[in-house]
């Protein structure tokens, strides 16, 4: 009898420990699965990447492609917390062509497309945030929705960052012209402006910008 009891303990105890360990790990695993079934799909397009560095500054040195990716990842985090499914056109320092970005968005059947960029100007005084949409004459519904999305995002980004608003503008950029869903391109500030660049390089400011973008997307989808 004692022998059977020892065997039982030897077999049962490890299994119980494994089961307990799995239960302890399950909340951490579940925390990554935030989007419920049927949740809207948001396409996040981090501008540039790889050999395409975008705008740059020498003092202090910074590259647009890095800030685009950092900010887009933060936007993804906040959209996930709000319950949205997010697809990124790039999630590393890789070059992705414009047609491939559009293909990713259209194949994913995204509900919205948001491209994240930062601005540059010959004038070091230029500053502020502007958002572009494509005013396509052949699809007025998509154009109107894109304009509303741009307005929703801009309002909340300005509220978060307290940056200068340069408004919602028409643009003919490839990624917002060729995508099948409402699409906007966010220019989150000027790398060429020394004061604005100092803010843009900080995690704190990128958090504010990302929260504003996510809030705008959420407002648009819930209230139109």
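Read-outs throughout are calculated quantities, based only on the coordinates presented, and are distinct from any laboratory measurement. Just so it is clear, the structure is predicted and the values come from calculations on it, not from any experiment. Cβ coordinates were reconstructed from backbone atoms using ideal geometry, including for glycine residues, and neighbour counts include every protein chain displayed.
Which number in (1) buried (at least 20 other Cβ atoms within 10 Å of the Cβ); (2) farther than 21 Å from residue 207 by Cβ marks the one condition that residue 115 misses?
For residue 115, the failing item is (2).
I'd like the residue in region 158-179 that is out of contact with any helix residue (DSSP H, G or I) (no Cβ under 8 Å at 6 or more places or on another chain) and not in a loop (DSSP other than H, G, I, E, B) and, out of all such residues, is farthest from residue 129 (Cα to Cα).
177
Has region 185-200 got any residue that is assigned to a helix (DSSP H, G or I), touching a helix residue (DSSP H, G or I) at 6+ places or on another chain (Cβ under 6 Å) and without any contact (Cβ under 8 Å) to a residue 40 or more places away in the chain?
Looking for residues that are assigned to a helix (DSSP H, G or I), touching a helix residue (DSSP H, G or I) at 6+ places or on another chain (Cβ under 6 Å) and without any contact (Cβ under 8 Å) to a residue 40 or more places away in the chain, one finds at least one in region 185-200, hence yes.
Which condition breaks for residue 155 when tested against (1) surrounded by fewer than 18 Cβ atoms within 10 Å (Cβ to Cβ); (2) in a loop (DSSP other than H, G, I, E, B); (3) in contact (Cβ under 8 Å) with a residue 60 or more places away in the chain?
Against the list (1) surrounded by fewer than 18 Cβ atoms within 10 Å (Cβ to Cβ); (2) in a loop (DSSP other than H, G, I, E, B); (3) in contact (Cβ under 8 Å) with a residue 60 or more places away in the chain, residue 155 comes up short only on (2).
For region 70-92, how many residues meet the condition of being touching a strand residue (DSSP E or B) at 6+ places or on another chain (Cβ under 7 Å) and within 16 Å of residue 214 (Cβ to Cβ)?
Summing the residues that are touching a strand residue (DSSP E or B) at 6+ places or on another chain (Cβ under 7 Å) and within 16 Å of residue 214 (Cβ to Cβ) in region 70-92 gives 11.
Could you list, in sequence order, the residues of region 93-125 that are in a loop (DSSP other than H, G, I, E, B) and in contact with a strand residue (DSSP E or B) (Cβ under 8 Å, 6 or more places away or on another chain)?
93, 94, 95, 96, 108, 109, 110, 111, 120, 121
Is it fair to say residue 165 is out of contact with any strand residue (DSSP E or B) (no Cβ under 6 Å at 6 or more places or on another chain) and crowded, with 17+ Cβ neighbours inside 10 Å?
no
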